[in-house]
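Just below is one structure, and these are the notes that go with it.
The values are calculated or read from the model by the stated rules, or taken from the named source; none is laboratory data. In this text, all values refer to a predicted model and were calculated from it rather than measured experimentally. No Cβ is skipped: glycine too gets one built from the backbone with ideal geometry, and neighbour counts run over all protein chains shown.
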Amino acid sequence: MKKIVVFLLILVFLSPFAYFIVASVAVNYRFPLLWPEGWTMDNWQQIFRTNNGLFDSVFTSLLISVVTAAVSTSAGFVISKTLAYHTKRSLFNILAYLPYSFSPVIYAYCLYFFFNKSQLSGHIVGVLLAQFILTFPFSIILFLNHWNTELKAVEELTYTLGGSVTQAWRRVIIPMSKSILLLCFFQTFLISWFEYGLTSVIGLGKVHTLTIKVYQYIGESNLGFAALASCLLVFPPLILLWFNRHFMLANNNQYA
Amino acid sequence: MNKNAIPIGLFLMFSVLPLAAGLLYALCYSLGWVGTLNTGFTLTYWSATLRDGDLWSSLGLSAFIALCSTALSVGLGLVLVLGCKDVLQRRIPNYLLYTPLAMPPIIFSFWVFQLMGSSGLLARWLIKTGWVRSIDTFPALINDRAHIGVMVALVLSTFPVFTLLFLNYYQSENIVGYSQLAHTLGATKRQTQTSIILPLLLRKAKPTILLYAIFLFGVFEVPLLLGRQSPRMISMLIHANFNKFNLMDLPRAYVITVIYAVIILSIVWMLFRKK
Amino acid sequence: MFLAIHHLCKSFDNNVILDNIQLTLNQGQTLSILGKSGCGKTTFLKTIAGLLRQDQGTIILEHNDISTQPPQQREAVYIYQQPLLFPHLSVYENIAFGLHLRKISPSVIREKTMAMLDDLELVAHAQKMPEVLSGGQRQRVSFGRALIIAPKLLLLDEPFGALDTETRTSMQVFFKKMAKQHQITAIFVTHDLKEAVLMGDNLALMERGQIHVYDHLEAFIQDSRTGMNQEIKFWKTLFRND
């Protein structure tokens, strides 16, 4: 029984990764061949060719995701503290869930007018702001559950022991919140890293993130490059998963 | 000034205001108040859209796909947890369950496209083994009428999440303890599963299940690659209306957006207000 | 008077929690306040600590009006029922925490912390993390963390409430010893009658936001609201029946 389950899990979950690697180095992978006729590293070598744009899109994706994750994590952490200890905490929680549960692409169409008017559409800054608007409610939801009476009591204790507000944050609150801060950072990084719909609408297809590239290659029926871009998209999170799988599950929504 | 004003103001500005402003603009556009086609207040676009069969078939299809995919994912997760909990808690199988979390929806769609498409891996293998004679006799599994490809991609991406969630709840809700108690009270293994374990897991997971159904209702990347032109899921219908060359379709796109928003926001509001 | 509280009032949404409290306390003395849950004990202590702001009244500590000072400047440490040890710091670091906040030289910190660990009989546990300590050990660390900064006032909110009977008894003995050794001025709040009598040099009763301080033990016993008389009667009856 155990062996069958493990075999099925390997088949279902590792085969996509294996396929993307094979397809990215395949030569003449024509229908109905089950296996390619040859192998080449040409696609992989092209990552670094400037005219290809793939290297740039890795960099763009990385930049957008890191900035989005850093800003939404830090802003969410600080702001959620006030919301969590407020008498209207449950109302704020619902208000954060409203945009979070909205389909990102439909949200993007709602926001498009404002981004267009402020000349942010088609620009990396616009995509950054739009992704922040998407990830910020998520970080608020995550942190609202973190602020509890015990943490408040510890903070108050620090004050009665003579600690200033800065000392309380630096020596107590942040160290005690390290794991949820990391969790939030990686989760918001992933939401941003995986984002396609909102990025394509607000970025007008001009901001070439990796997901945009994958879709572009699929549209061009360029299997080799589509597979290569897919590898670049999934391997960083896969490596992160290997180091700490708990960063990957926080009741998250892949479709956000 | 109240020291809470700035954080609350920032929260409202970046969390609530964009959505509220976007929806207000959509509503105004759909009523002819704003936009390039602005002719003053009119209900023409609303009445035309509400009479349109496309809207209702899209809403129906989206609800059907969201409910079926969620039900299948939850069912599969429960079967796995009830049937082989111990195996799934071991290092390698547990790691494998996490791997789909490293795949965005667009990659799932691409994988299902390559797997189940008419020239995909499955078709190649079936032709090689002689089960299927030619590409023409291979059944349409993507861009198909029943949206099988879409549902396969959605189930593949969500059932591991539910499996992991149920595994976590198994520990956090002390389900082993409750099961042992039920056994000492005379319950059989089957009775324990149906009367204790399942209700406990489902009760705890209910908000997450509903939230996932809401997410899947508005999913975009998967039907973009694997769905059909007609009928199409609601996000695809909105996307198509926003991208038509005819500007007359824009108010209609905004009408559908407002309808989608009313449905989703009311469900979320009711779900969490009750909680 | 070392501590003098005048006309202290506090309400939440029109609910009066502290109702014109008057209180004085001499240096080096412990005032035990007996009170049921919901009588306003925690609000009272938190207001003295500066964690809550009173609506009216003044708090004078060592001739200084601290009523409007932030908690950092009051030198009044509030100790909770839960030890609230910082989970990311070892026993040693927890105790030295207040000294680090004051940016004292490392050698002095080390000297004072080691001396405190010795007093607490926790030298062997100095490098351990809080999660491996027993309930009593954690509460001792919590006391050490407060005492090391030599606060003017200790505010104890049912500090032994979460401990089992045996540990609670040993902690009561430990507190008496430390109070004497460090000349602690403290307000000790509890709902346990025996503990109130054991811990306090002075006794008081808190009821519906008001505090009544007794001049001597006999007055405390005679007041039917404390329940002391019924307790004595119960044990006497039991003894007679035996």
Checklist entry - Hey, among the residues in region C:146-201 that are among the charged types (D, E, K, R) and in a loop (DSSP other than H, G, I, E, B), which one's nearest to A:Y159 (Cα to Cα)? => result C:K152
Checklist entry - Counting only residues that are buried (at least 20 other Cβ atoms within 10 Å of the Cβ) and among the hydrophobic types (A, V, I, L, M, F, W, C), how many does region A:163-172 have? => result 2
Next on the checklist: Looking at A:A18 and the list (1) closer than 21 Å to A:F189 by Cβ; (2) of a type in the set (G, A, S); (3) exposed (fewer than 12 other Cβ atoms within 10 Å of the Cβ), which single condition is not satisfied?
Outcome noted: (1)
Next on the checklist: Every residue in region B:203-231 that is β-branched (V, I, T) and either surrounded by 20 or more Cβ atoms within 10 Å (Cβ to Cβ) or in contact with a strand residue (DSSP E or B) (Cβ under 7 Å, 6 or more places away or on another chain) (or both), please.
Outcome noted: B:I214, B:V219, B:V222
Checklist outcome for this item: Only one of A:L181, A:L232, A:L238 is surrounded by fewer than 23 Cβ atoms within 10 Å (Cβ to Cβ), modelled with pLDDT under 95, more than 14 Å from chain B (Cβ to nearest Cβ) and assigned to a helix (DSSP H, G or I), namely A:L181
Checklist outcome for this item: Within region B:44-78, residues being out of contact with any helix residue (DSSP H, G or I) (no Cβ under 9 Å at 6 or more places or on another chain) and farther than 19 Å from B:L216 by Cβ number 3
Checklist entry - In the set B:L55, B:L72, which member is over 19 Å from B:L154 (Cβ atoms), in contact (Cβ under 8 Å) with a residue 12 or more places away in the chain and either more than 13 Å from chain A (Cβ to nearest Cβ) or out of contact with any strand residue (DSSP E or B) (no Cβ under 7 Å at 6 or more places or on another chain) (or both)? => result B:L55
Checklist entry - Given the residues B:I234, B:I267, B:I263, which is the only one that is surrounded by 19 or more Cβ atoms within 10 Å (Cβ to Cβ), out of contact with any Asp or Glu (no Cβ under 9 Å at 6 or more places or on another chain) and touching a residue at least 40 places away in the same chain (Cβ under 8 Å)? => result B:I234
Checklist entry - Does region B:102-144 hold any residues that are surrounded by fewer than 21 Cβ atoms within 10 Å (Cβ to Cβ) and under 21 Å from A:Y196 (Cα atoms), and which are they? => result B:F113, B:N143
Next on the checklist: Could you go through region C:93-105 and let me know if any residue there is in a loop (DSSP other than H, G, I, E, B), more than 21 Å from the chain's Cα centre (by Cα) and either closer than 25 Å to C:R168 by Cβ or at the interface with chain A (Cβ under 7 Å from one of its Cβ atoms) (or both).
Outcome noted: yes
Next on the checklist: Condition first: facing another protein chain (nearest Cβ under 9 Å), charged (D, E, K, R), over 28 Å from the mean Cα position of the chain (by Cα) and more than 28 Å from B:S73 (Cβ to Cβ). Can you find one or more residues in region B:132-142 that meet it?
Outcome noted: no
Checklist entry - Which of the following residues is of a type outside the set (S, T, N, Q) and not in a loop (DSSP other than H, G, I, E, B): A:P16, A:P32? => result A:P16
Next on the checklist: Yes or no: region C:33-56 includes at least one residue that is more than 10 Å from chain A (Cβ to nearest Cβ), of a type in the set (K, R) and without any contact (Cβ under 8 Å) to a residue 60 or more places away in the chain.
Outcome noted: yes
Checklist outcome for this item: Within region A:188-225, residues being facing chain B (nearest Cβ under 10 Å) and in a helix (DSSP H, G or I) number 17
Next on the checklist: If I filter region B:21-40 for residues that are free of Cβ contacts under 8 Å to residues at least 60 places away in the same chain, assigned to a loop (DSSP other than H, G, I, E, B), within 11 Å of chain A (Cβ to nearest Cβ) and surrounded by fewer than 16 Cβ atoms within 10 Å (Cβ to Cβ), do I get at least one hit?
Outcome noted: no
Item to check | The listed residue being more than 12 Å from chain B (Cβ to nearest Cβ), free of Cβ contacts under 8 Å to residues at least 24 places away in the same chain and among the hydroxyl-bearing types (S, T, Y), out of A:T158, A:T87, A:T82 | outcome: A:T158
Item to check | Complete set of residues in region B:237-249 that are crowded, with 20+ Cβ neighbours inside 10 Å and in contact (Cβ under 8 Å) with a residue 60 or more places away in the chain | outcome: B:L237
Checklist entry - Checking C:M228 against (1) closer than 29 Å to C:H7 by Cβ; (2) at pLDDT 85 or above, which single condition isn't satisfied? => result (2)
Checklist entry - Of all residues in region A:70-79, how many are within 27 Å of B:Y25 (Cα to Cα) and without any contact (Cβ under 8 Å) to a residue 60 or more places away in the chain? => result 0
Next on the checklist: For the condition within 10 Å of another protein chain (Cβ to nearest Cβ) and within 29 Å of the chain's Cα centre (by Cα), what is the one hit in A:L34, A:L14?
Outcome noted: A:L14
Checklist entry - Quick check: anything in region A:182-190 of a type in the set (S, T, N, Q), in contact with a Phe, Trp or Tyr (Cβ under 7 Å, 6 or more places away or on another chain) and under 23 Å from A:Y109 (Cα atoms)? => result yes
